[in-house]
Amino acid sequence: MSAQPLLQIRNLSKAFGGLMAIQELDFHVNKDEIVSLIGPNGAGKTTFFNLVTGMIPPDAGQIVVDGHDIVGLRPNQILERGVARTFQNVRLFPNMTVLENVLIGQHTRTGTGPVGAILRTPAFRRQEEQAVEKAKETLAFFGSRLVGYRFDQPANVLSYANRRRLEIARAMASEPKLLLLDEPTAGMNPRETAELTELVAKLRDEQGFTICLIEHDMRVVGRVSDRVVVLDYGTKIAEGSYHEVANDERVVEAYLGTKAGKAAS
């Protein structure tokens, strides 16, 4: 692990009206880690992702990515600095093809500019060809589900599980340092969930991405996480290995509303 965390959150707070969504949160993700962020509904998990990606501004605190404070930057600037995300509700360009959706994810890494695009200079054409090949390589990571004839299919004809995969592929295409995955297995059946769980591990082990994910399925959390952080009402109540947090009385109480019993290990 690196001496300096890839993502370092210090004293982060956000309120909506009189409701504290995130309260004085300290949080970090080391390079090459998979960190799961869990907690009951309304715990502040997606708000946290929205803060990190610049979709909403914090009221206080620091968000440091690779040594640089990104508070105040726009979402596109944060993407350029290496933070990409998926969403709890899949957000694709439904009428664009599978390949086009991934090409859009690469726009932060292209450099010929609008003049080159308009004039279709040799440099632009070379870059365009390279981008298409890179997009196809990215989609090939998902096996046969998003390649071949799928390249030219509009995203809206894909199955739900393949739309989830495509959204991850689009995030990968921006070549991020940190991938934020918001409930990647939500709505999937057990077979699809198992496949996505394996894929998340491969994103780190084979593709080299550092990952922070929000997930409700504790089987997924237990299989992929190096570390688990638990939020409740915007406050961190536990942190550690999956087995440590699953048996923490504060976590059991937050999920079940009682201190009795233990969470399944």
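The values are calculated or read from the model by the stated rules, or taken from the named source; none is laboratory data. Since this is a predicted model, take the numbers as computed values, not measurements. Heads up, the Cβs are rebuilt from the backbone with ideal geometry, glycines too, and the neighbour counts pull from every protein chain shown.
Scanning the range 11-64 for residues that are buried (at least 21 other Cβ atoms within 10 Å of the Cβ) and of a type in the set (Lys, Arg) yields LYS14, LYS45. Each residue in the range 85-106 was checked for being within 23 Å of VAL52 (Cβ to Cβ), in contact (Cβ under 8 Å) with a residue 12 or more places away in the chain and of a type outside the set (A, V, I, L, M, F, W, C), and 7 pass. In the set GLY240, GLY261, only one residue is modelled with pLDDT of 95 or more and at positive phi; that residue is GLY240.
Count of the range 80-93 residues, restricted to those that are of a type outside the set (Val, Ile, Thr) and not in a loop (DSSP other than H, G, I, E, B), is 3.
Could you tell me whether THR97 is at pLDDT 90 or above and in contact with a helix residue (DSSP H, G or I) (Cβ under 8 Å, 6 or more places away or on another chain)? Yes: the conditions hold for THR97. When LEU203, LEU213, LEU181, LEU199 are checked against the criterion of being crowded, with 21+ Cβ neighbours inside 10 Å and assigned to a helix (DSSP H, G or I), a single residue qualifies: LEU203. Report yes if GLU244 is out of contact with any helix residue (DSSP H, G or I) (no Cβ under 9 Å at 6 or more places or on another chain), farther than 30 Å from VAL132 by Cα and not in a loop (DSSP other than H, G, I, E, B), otherwise no. It is true that GLU244 is out of contact with any helix residue (DSSP H, G or I) (no Cβ under 9 Å at 6 or more places or on another chain), farther than 30 Å from VAL132 by Cα and not in a loop (DSSP other than H, G, I, E, B). Can you spot a residue in the range 68-84 that is crowded, with 23+ Cβ neighbours inside 10 Å and either modelled with pLDDT under 95 or more than 30 Å from PHE151 (Cβ to Cβ) (or both)? No; the residues of the range 68-84 include none that is crowded, with 23+ Cβ neighbours inside 10 Å and either modelled with pLDDT under 95 or more than 30 Å from PHE151 (Cβ to Cβ) (or both). Residue selection: PHE151 satisfies the criterion of being more than 28 Å from TYR242 (Cα to Cα) and not aliphatic (A, V, I, L, M). Of the residues making up the range 181-194, those that are closer than 15 Å to GLY222 by Cα and either touching a residue at least 40 places away in the same chain (Cβ under 8 Å) or among the acidic types (Asp, Glu) (or both) are GLU183, PRO184. Taken across the range 12-25, residues that are under 24 Å from ASN76 (Cα atoms) and in contact with a Cys (Cβ under 7 Å, 6 or more places away or on another chain) do not occur at all. Would you check which residues across the range 110-142 are modelled with pLDDT of 70 or more and hydrophobic (A, V, I, L, M, F, W, C) and list them? Within the range 110-142, ALA131, VAL132, ALA135, LEU139, ALA140, PHE141, PHE142 qualify.
Every residue, every condition in (1) under 14 Å from CYS212 (Cα atoms); (2) part of a loop (DSSP other than H, G, I, E, B); (3) not assigned by TED's automatic domain parsing to the domain that holds LEU166, yes or no:
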site	(1), (2), (3)
PRO40	no, yes, yes
ASN50	yes, no, yes
ILE56	no, yes, yes
VAL71	no, yes, yes
ILE78	no, no, yes
ASN95	no, yes, no
GLU100	no, no, no
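Please state which of the following conditions VAL228 fails to meet, knowing it meets all the rest: (1) buried (at least 17 other Cβ atoms within 10 Å of the Cβ); (2) out of contact with any Gly (no Cβ under 8 Å at 6 or more places or on another chain); (3) closer than 23 Å to ARG85 by Cβ. Looking at each condition in turn, VAL228 falls short on (2). Considering the conditions (1) over 14 Å from the mean Cα position of the chain (by Cα); (2) in a loop (DSSP other than H, G, I, E, B), ARG191 is excluded by exactly one of them, (2).
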